[in-house]
Every structure is written in C-alpha cells, then in structure tokens.
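The values are calculated or read from the model by the stated rules, or taken from the named source; none is laboratory data. Since this is a predicted model, take the numbers as computed values, not measurements. Please note: Cβ atoms are built from the backbone with ideal geometry, for glycine as well, and neighbour counts cover all protein chains shown.
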Amino acid sequence: MATKRTKKKKNTPQKKNTYITKLRELAQENQPDACFQLGMEYFNGEHLSYNPERAFQYLEKSANLYYVPAMVELATSYMMARGVERDYEKAKQWAKRAESLGNKEAYSLLTQINFVQGQDESNKKEYQEALKGYQAGDVEETSHLGECYLYGIGVSCDKDKGLALLHEALDQGYKEAAMVIADAYFFDETLKSDAKALQYYQYGNKDNNKESLFMTGSIYINTYQDYDQGMAYLKKAAQYQSDQAAYQLAVFYLGDNPHVPQDREALKYYLKQALQAKYEDAFEFLDFLHNEQYLKDRDVLSLNDFIALSQIAAKTKRPEDLNRLAFDYFIAKRTDLALQYLKEAANLGHEQSLRLLQSLSINKNDPENSLISAASQGDEIDAMNLASFYFSGIIVEKNTEKALEWLQIAYGRGSYEAGSILGEFYLTGEHVAKDTKKAIPLLEDCAKHNNMRSLMILVDCYEKGIGVVKNKKKVELLKKQIARLENH
C-alpha cells in the first residue's frame with residue numbers, strides 16, 4: 001500500500017511536467033495550437049502558476065500564426081485588460097479578423113466589446129460629473145463620487161477614499177450614503193463586516209426603507225440566527241412593498257426551517273404578494289410547491305389556494321403559468337376551464353400543452369388510453385406528461401407505480417428533468433426504496449446535461465456528504481455551473 005501511494009505522488013506532477021514540456025517544445029517550433037494551449041494554461045493556473053502577461057504573449061504568438069481561437073482570446077484580453085493594457089480598438093481588430101475567418105463567437109464578441117467600451121466611456125463621464133458636483137459642494141454628488149471610488153466607476157478603485165467621501169456626505173445629512181456604506185460592508189468580501197452593515201442599515205430603517213429593512217432582517221437571521229428579530233424586519237419590509245421580503249417570508253412559512261413553524265395562511269398571503277409584484281423567484285417557488293404536493297404527496301396548500309395563486313401567476317400570460325393553471329383545473333374536475341387555459345398555453349408555443357391537447361384528441365371518450373397511446377408512440381415529453389398525470393391523478397386514476405414506470409421511460413428517451421426526479425426519489429426514499437447508489441449516478445448524468453434540479457441537489461449532497469464523500473472542490477465546480485446557467 002505504501003509503495004502505491006508513493007508512486008501516485010510521483011506520477012501526477014511528472015505527467016503534468018511532461019505535458020507542459022511538450023507544449024513548450026511545440027510552441028518553440030511555432031506550432032499555433034501549442035502556443036494557444038500554453039497561453040491558456042497560464043490563464044487557468046492549473047498546471048502553471050497564473051500569469052496573464054505570459055498568457056498574452058503566447059496567445060499573441062498563436063494569433064499571429066493565424067490560429068483563430070487565439071484571436072478570440074486575444075480580443076477578449078484587450079477588452080478586459082487581461083495581461084495587457086486595455087485597448088478596445090485592438091480588441092475589435094482581432095475579433096473582426098476571427099470573424100472574417102469564420103469564427104461564430106466573434107460576432108457576439110464584437111457586440112460585447114462595443115457595449116463594454118460604451119459602458120467604460122459612460123463610467124468616465126459619470127465620474128467627471130460626480131467630481132464636478134463634489135467640487136461645487138453638492139452633497140448628493142459627494143456620495144456619488146464616493147460610490148465611483150468604491151466600485152471603480154470611471155476611476156481607479158480606492159475603497160478607503162470612497163468610504164471617506166460617503167461618510168462626508170452622511171455627516172452632511174445625506175442619509176442615502178448610509179445605504180451604500182452598509183451594502184459595501186455586507187457584499188464586498190474585502191470590507192465584509194455584518195455588524196457594521198447592520199449599523200448603517202439602521203439609518204434607512206428609521207425611514208422605513210424597504211431595502212434596509214430586508215437586509216437587516218436577513219442579517220439577523222443568517223448571521224445571528226435571531227429569527228424573532230429577523231422575521232419582524234422581513235414582515236415590516238413586506239409591509240412597505242418589498243417583494244423580495246414577501247417571497248422570503250413565503251419560503252419560511254412553508255415550514256422547512258425548524259425555527260419557523262408552518263403557517264399556510266401566511267405562506268399564501270406572502271406568496272400572493274410576491275406573485276402580484278411579479279417577483280421571478282416566486283413563480284419558481286409556486287412550481288416547487290406544485291411538485292411537492294403532486295409528485296411527493298405533501299400537503300402544502302388546498303386545491304382552491306393553488307388555483308387562486310395560479311390565476312395570479314397566469315395574468316403574466318407566460319405559457320408555463322397558463323399550463324400550471326390548466327393542471328389545477330384538471331385536478332378540480334373543471335375540464336372546460338382546463339382545456340381553455342391549455343389551448344391558450346399551446347397557442348403561445350408551450351410544447352407540453354400542445355402535446356397534451358394532441359394526445360387527448362386521439363380518443364375523447366377514453367382519455368387514459370389516448371394518453372398511453374400518445375406516450376407509447378411519442379417522445380420524452382409525452383412520457384413525462386403521462387408520468388405526471390399518474391402521480392397527481394389528473395385525467396387518469398392516480399397510480400404511483402405506473403408514474404414511476406413512465407418517468408423511467410421519459411428519462412430513457414432523453415428527459416433529464418425526469419432523471420433528476422427519479423434521482424431525488426432514490427435519494428430521499430420517496431415512492432421507492434432509498435438507494436444512493438442509484439441516486440447519485442442519475443443525478444450526475446442529468447447534471448452533465450445542465451439540469452438545474454440535479455445540480456442543486458448535488459451541491460447539497462457534496463456539502464453534507466449525502467450518498468457521497470464531502471467534496472468542497474466539487475461543490476465549487478457545481479456552483480459555477482449553476483451560475484453560468486443562471487447568467488446564460
């Protein structure tokens with residue numbers, strides 16, 4: 001055993017060194033792809049120490065040898081001042097050259113360069129106007145100038161100078177500066193101090209500023225675990241129309257947090273407020289509640305409550321919200337209204353709604369066999385539809401065994417959402433015998449195909465060691481993947 005461990009320690013760096021040595025040799029021979037790979041290694045900092053200047057040199061060499069991927073990276077480097085002084089004109093030149101050679105990324109990169117350049121020029125103008133106002137004794141512009149220095153807007157970042165200017169504005173009675181200071185102490189990792197953030201949020205709280213109230217509540221809950229104070233501030237923030245606070249309260253009143261007892265009426269009240277404000281996360285939360293109720297047999301809300309909330313969501317005329325309302329009406333045995341909203345969703349291009357309408361039209365007198373026939377001959381969407389109907393008892397008689405069978409078929413046909421649901425069931429023991437050896441591979445496979453549910457479940461697994469060994473590096477990689485998908 002000791003010998004094997006010794007070999008493993010020697011082999012890993014040796015393989016890395018051989019790889020890098022080979023790249024260097026090929027780069028010296030002016031192999032463009034080797035120059036490119038070596039440059040990217042200096043950027044990635046995995047096999048070589050991070051060195052953006054050296055990375056730029058190799059990328060420039062590769063680009064001059066007409067290697068198109070290097071041209072794209074070189075343009076990006078000039079745009080971002082990555083290993084070289086920022087130069088938008090040179091960035092555009094290299095992006096245009098890559099585009100002329102057929103690179104599909106180059107067009108969007110050119111658009112991005114133009115946007116960043118415009119933003120940069122706008123930031124410089126913003127700084128100059130703030131400076132002029134400060135010199136004229138304008139207290140609001142004093143705060144604005146502090147913000148420019150704090151975040152490097154049109155000027156080199158100087159956080160000490162930024163905070164000094166913000167305090168100067170605050171001392172002159174400009175309370176809005178306190179919010180900027182508070183946010184800096186809460187969000188900026190180099191200044192991080194929740195105690196100081198709380199101190200400055202109090203300025204806004206005196207004026208019932210909904211953002212200050214929300215942040216104060218969040219700090220009391222997340223930092224100090226003081227749920228009494230935290231919930232009181234969140235309720236006050238919601239009272240002053242903070243949709244974010246209303247959403248957070250709805251989540252708490254679901255009862256999953258041991259510090260906050262379940263309260264259906266409060267859940268319904270605050271979720272309604274967040275939906276009416278069109279707070280994006282509230283719509284996703286309503287979907288989550290639907291799944292908890294109808295896929296996991298959890299008693300969350302009454303059917304009438306779901307219909308009322310889905311009606312509010314459907315006012316957006318987004319097809320997925322209309323589809324959800326149709327399902328609620330199917331459960332309520334209001335087929336006329338269900339079909340009305342299903343057709344409306346289908347007319348807006350909602351694939352699941354369109355498929356369901358087509359399936360039901362096969363044999364109107366025998367809807368179950370119509371659905372089975374469509375699912376047997378169709379693809380993963382038809383199979384997923386039938387699985388969800390068997391789970392919830394919509395149109396067909398509720399049958400968990402058949403639901404699981406069609407869920408497996410849907411996954412086999414390429415539905416990674418179906419695979420993630422199966423993975424979660426095996427992980428929790430919901431509907432099936434608990435089996436982490438089946439759960440983790442299912443979730444990993446779906447995560448590779450960018451399924452958000454699987455990614456979030458795996459983050460929890462690797463953080464807590466559920467079915468796997470705890471792995472901080474894996475957690476970070478999964479979180480980066482989630483962030484990329486959310487920003488896409």
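Criterion first (of a type in the set (Phe, Trp, Tyr), part of a helix (DSSP H, G or I) and closer than 29 Å to Thr190 by Cα) does Tyr107 satisfy it?
no
Results for (1) modelled with pLDDT under 95; (2) in contact with a helix residue (DSSP H, G or I) (Cβ under 9 Å, 6 or more places away or on another chain); (3) assigned to a helix (DSSP H, G or I), shown as yes or no for each residue.
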| position | (1), (2), (3) |
| --- | --- |
| Gln119 | yes, no, yes |
| Glu126 | no, yes, yes |
| Gly133 | no, yes, yes |
| Ser143 | no, yes, yes |
| Glu147 | no, yes, yes |
| Gly154 | yes, yes, no |
| Cys157 | yes, yes, no |
| Gly162 | no, yes, yes |
| Leu165 | no, yes, yes |
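Before we move on, is Glu99 in the same structural domain as Pro69 (by TED's automatic domain parsing), surrounded by 15 or more Cβ atoms within 10 Å (Cβ to Cβ) and on the phi < 0 side of the Ramachandran plot?
Answer is yes for this residue.
Could you figure out which of (1) within 30 Å of Ala34 (Cα to Cα); (2) among the acidic types (Asp, Glu); (3) surrounded by 13 or more Cβ atoms within 10 Å (Cβ to Cβ) isn't true of Glu126?
Status for Glu126: all satisfied but (1).
Checking Gly414 against (1) out of contact with any Phe, Trp or Tyr (no Cβ under 7 Å at 6 or more places or on another chain); (2) outside any loop (DSSP other than H, G, I, E, B): exactly one of these is not met. Which one?
Result: Gly414 passes all but (2).
Provide a single number: the residues in segment 303-332 that are small (Gly, Ala, Ser) and within 15 Å of Phe288 (Cα to Cα).
So the count comes out to 2.
Give the residues of segment 353-379 that are outside any helix (DSSP H, G or I) and either touching a Leu at 6+ places or on another chain (Cβ under 8 Å) or farther than 12 Å from Ile395 by Cα (or both), sorted by residue number.
Answer for segment 353-379, where residues must be outside any helix (DSSP H, G or I) and either touching a Leu at 6+ places or on another chain (Cβ under 8 Å) or farther than 12 Å from Ile395 by Cα (or both): Ser361, Ile362, Asn363, Gly378, Asp379.
Quick check: anything in segment 189-210 closer than 28 Å to Lys124 by Cβ and crowded, with 20+ Cβ neighbours inside 10 Å?
There is no residue in segment 189-210 that is closer than 28 Å to Lys124 by Cβ and crowded, with 20+ Cβ neighbours inside 10 Å.
Checking Glu351 against (1) crowded, with 17+ Cβ neighbours inside 10 Å; (2) without any contact (Cβ under 8 Å) to a residue 60 or more places away in the chain, only one condition comes out false. Which one?
(1)
Taking the condition touching a helix residue (DSSP H, G or I) at 6+ places or on another chain (Cβ under 8 Å), of a type outside the set (S, T, N, Q), more than 21 Å from Gly45 (Cβ to Cβ) and surrounded by fewer than 14 Cβ atoms within 10 Å (Cβ to Cβ), does Leu110 pass? Can you show your working first?
Working: touching a helix residue (DSSP H, G or I) at 6+ places or on another chain (Cβ under 8 Å): yes; of a type outside the set (S, T, N, Q): yes; more than 21 Å from Gly45 (Cβ to Cβ): yes; surrounded by fewer than 14 Cβ atoms within 10 Å (Cβ to Cβ): no.
Answer is no for this residue.
For segment 240-295, which positions are in contact with a Ser or Thr (Cβ under 8 Å, 6 or more places away or on another chain) and hydroxyl-bearing (Ser, Thr, Tyr)?
Tyr294
From the residues in segment 395-442 that are surrounded by 20 or more Cβ atoms within 10 Å (Cβ to Cβ) and of a type in the set (Val, Ile, Thr), which one is nearest to Asp328 (Cα to Cα)?
Filtering segment 395-442 for residues that are surrounded by 20 or more Cβ atoms within 10 Å (Cβ to Cβ) and of a type in the set (Val, Ile, Thr), the one nearest to Asp328 (Cα to Cα) comes out as Ile395.
May I ask you to list the residues in segment 422-464 that are in a loop (DSSP other than H, G, I, E, B), over 15 Å from the mean Cα position of the chain (by Cα) and within 12 Å of Tyr411 (Cβ to Cβ)?
Within segment 422-464, just His449 meets the criteria.
Could you check how many residues of segment 81-92 are closer than 17 Å to Gln57 by Cα and in a helix (DSSP H, G or I)?
Residues that pass the stated criteria total 2.
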